[in-house]
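Below: one structure, written as structure tokens.
The values are calculated or read from the model by the stated rules, or taken from the named source; none is laboratory data. Since the model is a prediction, treat every value here as computed from it, not as a measurement. Every residue, glycine among them, receives a Cβ derived from its backbone with ideal geometry; neighbour counts consider all protein chains shown.
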Amino acid sequence: MENNTSETLLVKGSLEVPGSYNYLKSVRHFVSILLTLNIIKKEETDNIVLVVDEAVANVIEHSYKCDPTKFLQVYIEVYTKHIKIEIIDRGKSFDFDKFGDVDLEEYKKERRKGGLGIYLIKRLIDKAEYKKEEKGFNRLKLIKYLN
Amino acid sequence: MSDINIVEEIITDNFDTAVLTVEGVIDANTASIFENSLLNLINRGVINILVDVEKVTYISSAGLGAFMSALDTLENKNNKGKISILKSSPQFIKVFNMMGFDEIFKSFNTIEEALKAWGKNGK
């Protein structure tokens, strides 16, 4: 991850978990502890925890088809004014922009069931960029500016 | 220890109304357990379900999907069927309301309030 020299990096951490929903709790704990240690406000911590949970669940379901033999990485960097998160996987890539394009009123009217995860991510995060890298892995980069 | 604990209670003499008390998390790992609990009640003829989520510490979009899926099944079976919320935790209500689910799933503070709204008597 690149250095941002205009702000101070407070802490960074990384976690690697198998492609199984059983590890979502661990991911949430990891994010929560990292943010709480740096006195990030509870509401912001809760939002980031939800965002990372949704992103990881998405990889597990869509990219890895719940295959626990495959691993994904979560990287977090906490700066004085923003948080940077990257989720990296080596599974099947998908159209991140298309998935997040949900008409909530239609969704509720039609009683649809899936597809809210990316919508939630985009709602709670300031910048989201999904890219299939040349080396064969997918990188979801998320930025949240702190109040 | 399980991440989710669910207890059901039938609260009317004609077995058409139930309270489902959920404790723990409703995430992608546990959403299917939660959904199956709702479907189990629906398949047994329950048409009014109160979901007590006061002790739900976390819900994600998978949990919201479970609510919607169960409602869809219930409405297809009985278009007067209802799933409502009984009490809620801060994280639950924040995510639920952020997605506008409070417009579809009415909230009640007590069972009595819900029964009165539905014109029902408890056991």
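Just need a number here: residues in the stretch A:97-147 that are hydroxyl-bearing (Ser, Thr, Tyr) and farther than 28 Å from B:Ser69 by Cβ.
Matching residues across the stretch A:97-147 total 1.
If you go through the stretch B:38-84, how many residues are under 22 Å from B:Lys120 (Cβ atoms) and among the hydroxyl-bearing types (Ser, Thr, Tyr)?
2
State which residue is farthest from A:Tyr119 (Cα to Cα) when the search covers only the stretch A:1-36 and only residues that are more than 12 Å from chain B (Cβ to nearest Cβ) and among the charged types (D, E, K, R).
A:Glu7
If a residue must be free of Cβ contacts under 8 Å to residues at least 12 places away in the same chain and either closer than 23 Å to A:Ile48 by Cβ or more than 14 Å from chain B (Cβ to nearest Cβ) (or both), how many such residues does the stretch A:102-115 contain?
Looking only at that region, the number is 1.
With the requirement that a residue be more than 23 Å from B:Pro90 (Cβ to Cβ), facing chain B (nearest Cβ under 10 Å) and out of contact with any strand residue (DSSP E or B) (no Cβ under 9 Å at 6 or more places or on another chain), what does the stretch A:42-81 give you?
Correct list: A:Glu61, A:Cys66.
Among the residues of the stretch B:77-97, is there at least one that is more than 14 Å from the chain's Cα centre (by Cα), within 12 Å of another protein chain (Cβ to nearest Cβ) and surrounded by 21 or more Cβ atoms within 10 Å (Cβ to Cβ)?
Scanning the stretch B:77-97 turns up at least one residue that is more than 14 Å from the chain's Cα centre (by Cα), within 12 Å of another protein chain (Cβ to nearest Cβ) and surrounded by 21 or more Cβ atoms within 10 Å (Cβ to Cβ).
List the pairs whose first member sits in the stretch A:116-134 and is more than 9 Å from chain B (Cβ to nearest Cβ) and on the phi > 0 side of the Ramachandran plot, whose second member is surrounded by 13 or more Cβ atoms within 10 Å (Cβ to Cβ) and part of a helix (DSSP H, G or I), and whose Cβ atoms are under 6 Å apart, counting only residues at least 6 apart or on separate chains?
That search, which allows pairs on different chains as well, returns nothing.
Out of the residues in the stretch A:105-131 meeting the condition of being part of a loop (DSSP other than H, G, I, E, B) and modelled with pLDDT of 80 or more, tell me which one is surrounded by the fewest Cβ atoms within 10 Å (Cβ to Cβ).
That would be A:Asp126.
Considering only the stretch B:17-35, state which residues are under 14 Å from B:Thr57 (Cα atoms) and more than 14 Å from every other protein chain (Cβ to nearest Cβ).
B:Thr21, B:Val22, B:Glu23
Restricting attention to the stretch A:28-44, which residues are β-branched (Val, Ile, Thr) and modelled with pLDDT of 95 or more?
Scanning the stretch A:28-44 gives a single hit, A:Val31.
Quick check: anything in the stretch B:42-52 farther than 29 Å from A:Leu50 by Cβ, touching a strand residue (DSSP E or B) at 6+ places or on another chain (Cβ under 6 Å) and touching a residue at least 24 places away in the same chain (Cβ under 8 Å)?
yes
Just to be sure before I move on: is A:Ile39 of a type in the set (Val, Ile, Thr), touching a residue at least 60 places away in the same chain (Cβ under 8 Å) and more than 10 Å from chain B (Cβ to nearest Cβ) in the structure I sent?
no
Kindly provide the set of residues from the stretch B:106-123 that are crowded, with 17+ Cβ neighbours inside 10 Å and of a type outside the set (A, V, I, L, M), ordered by number.
B:Ser107, B:Phe108, B:Trp118
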